[in-house]
Each structure stands twice: as C-alpha cells, then as structure tokens.
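Structure first, then comments.
The values are calculated or read from the model by the stated rules, or taken from the named source; none is laboratory data. Given the structure is predicted, the values throughout are model-derived calculations rather than measurements. FYI the Cβ positions are ideal-geometry reconstructions off the backbone, even for glycines, and counts take in every protein chain you see.
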Amino acid sequence: MSDKPTRTIKVIITFAAADKPYREDYAPQTLVEKVLSDALAAFEIASDGTTRYYLLHEGAELSLTSTLAEAAGRSGALPLKLRTETIQG
Amino acid sequence: MDLESLLRLQRDEPPVEEFLASTGGALVHRDTDPSGLYWAVLQPTDQARRPFIAKIGWSIYPHRPPSLLFATEVGGPTADLRAWPSAGGYRAPNDVCKPFTAEGQALHPEWATGPSAWRSTGNPFLYVIETVHGDIDRSCGRRAA
C-alpha cells in the first residue's frame, strides 16, 4: 500500500458576472465537462441551450473531453475563466 | 445617471480597462460624454484586423443592460455597416439582438426572466466587454461590410 499523498488540482474559476470565483479541488483525471457543470451550478446558471458556456485557460478554450491533468500540466493549480456565447439572437 | 450607478461604474471600470488593454484595446470616456457613455476599442486577436469601436451606454448600473452600437471612431456615427462586426445577432447598423443589450431585452420581453435574464451581479461591464470580444473573435474580426 502506497502512502504517497493523492494529488489534487486546485481549480479556481472566475466569471465576470459573479460576485466571487468558484474554487474546488479535483482529481487530475476529472473531465473538464464535469468541472464546467459544477461551476455552472455554483454560479446558479441554468443552461437552457440558448447559451454556450465554456472555460478558458491562458486564453484558449478547453475541450470538454480533456482532463484537468492535461490542462494543468505539472501545476497543482488551474485558474480558469468562464465565458459565454449567446446562440440565440 | 443616478449617483449609485456612477459609483458602481467607477468601481467596475478598472477591470474593464485592464482587460481591454491586455487585448490591445482601450476604454474611452471623454469629458464631453454623458455619464454612463463609453467607447470600447476592441482589438480582435488577429492583430491584422482593425479594432472595432463599441458605443456602450449604461442607464441604471448595474441593474439594466447597456445600449450597444458600433461606431466608425470614438464619437463617430453608428450607421456605417463597416463599423459593425459580422457576427450572429449583430444586426448592423440597428442593434445587437442579445440578452446582454438593452436593445435585445426590449425586443424580447421573454428574456426578462429565466436563463436569458440580465445578471446584475459581479462586474456586468466586464461581462459585456468579454462577451463582445469573444463574439468578434469567433467571427475572426470580420466586418458587416
């Protein structure tokens, strides 16, 4: 049995239309899709299909099917930005 | 514009200026402009493209979405198609039919509630600017004409 501590990635997501960021620790293999879903719930955003929500890391949009480990690399922290694209209009 | 709106706008301006500067743009409010009126110079990520000039007029901040039009230059007219982005919902030279604009909300009363309702939390000024910049980049900085 290994006593090596379990690695987690500290995710912090800022959203301009929210009063405070969303912070949570995740396992590295967690999918971006899961984190996005959690963040939307935390920001009390109910998606209805008329707006697309996505996460930016260092200016680039993250794929929903990528893992946090892929996005964070060796870093233990992953600062992200929540952005929106209105589809209707 | 009421005093509370002015104070809230002053509070929220610095992050907007910082974001625009980081993308090669700027936020302009001239002494001659009415309170609540700003000109955002939005530089597409494709630096070969010319910047857009968004004319943003706040009425009651942060509780109402802003009027959003596009001008040929700071202080210039908004009727020129060449000043407008070629992006979905950006209906040059009339309006931006999106939930984050006064024009969009006026055209769609059903947006007043539910997921498309205006959010007055956080920094709505920054939210609008980031969203418009994203729309411009998705259309590769193209113009309506």
Report summary line: Residues of the range B:19-59 being among the β-branched types (V, I, T) and over 11 Å from the mean Cα position of the chain (by Cα), in sequence order, are B:T23, B:V28, B:T32, B:T45
Requested in this report: Please determine, by comparing only the residues of the range A:61-89 that are β-branched (V, I, T) and closer than 30 Å to B:G114 by Cβ, which one is farthest from the other protein chains (Cβ to nearest Cβ).
Outcome: A:T65
Report summary line: For B:A112, the lone unmet condition from (1) of a type in the set (A, V, I, L, M); (2) over 28 Å from A:E61 (Cα atoms); (3) touching a residue at least 12 places away in the same chain (Cβ under 8 Å) is (3)
Report task. Kindly indicate which of B:P99, B:P93 is in a loop (DSSP other than H, G, I, E, B) and within 12 Å of chain A (Cβ to nearest Cβ). Result -> B:P99
Report summary line: Cβ pairs under 6 Å, 6+ apart or interchain, first in the range A:13-28 and more than 7 Å from every other protein chain (Cβ to nearest Cβ), second aromatic (F, W, Y), ordered by first then second residue, are A:I13/A:Y22
Query raised in the report: Hey, among A:A39, A:A46, A:A69, which residue is in contact (Cβ under 8 Å) with a residue 12 or more places away in the chain and over 24 Å from B:F19 (Cβ atoms)?
Result: A:A69
Query raised in the report: Could you say whether any residue in the range B:103-125 is at pLDDT 95 or above, under 12 Å from the mean Cα position of the chain (by Cα), within 21 Å of A:I45 (Cα to Cα) and within 14 Å of chain A (Cβ to nearest Cβ)?
Result: yes
Query raised in the report: Given the conditions (1) without any contact (Cβ under 8 Å) to a residue 60 or more places away in the chain; (2) among the aromatic types (F, W, Y); (3) touching a Ser or Thr at 6+ places or on another chain (Cβ under 6 Å), which single one is not true for B:Y127?
Result: (3)
Query raised in the report: Residues in the range A:33-45: is at least one modelled with pLDDT under 95, under 25 Å from B:S120 (Cα atoms) and not polar (S, T, N, Q)?
Result: yes
Query raised in the report: Is it true that B:P65 is under 13 Å from the mean Cα position of the chain (by Cα) and in a loop (DSSP other than H, G, I, E, B)?
Result: yes
**Report entry** Per-region count, the range A:15-72, residues crowded, with 18+ Cβ neighbours inside 10 Å and in a helix (DSSP H, G or I)
**Finding:** 7
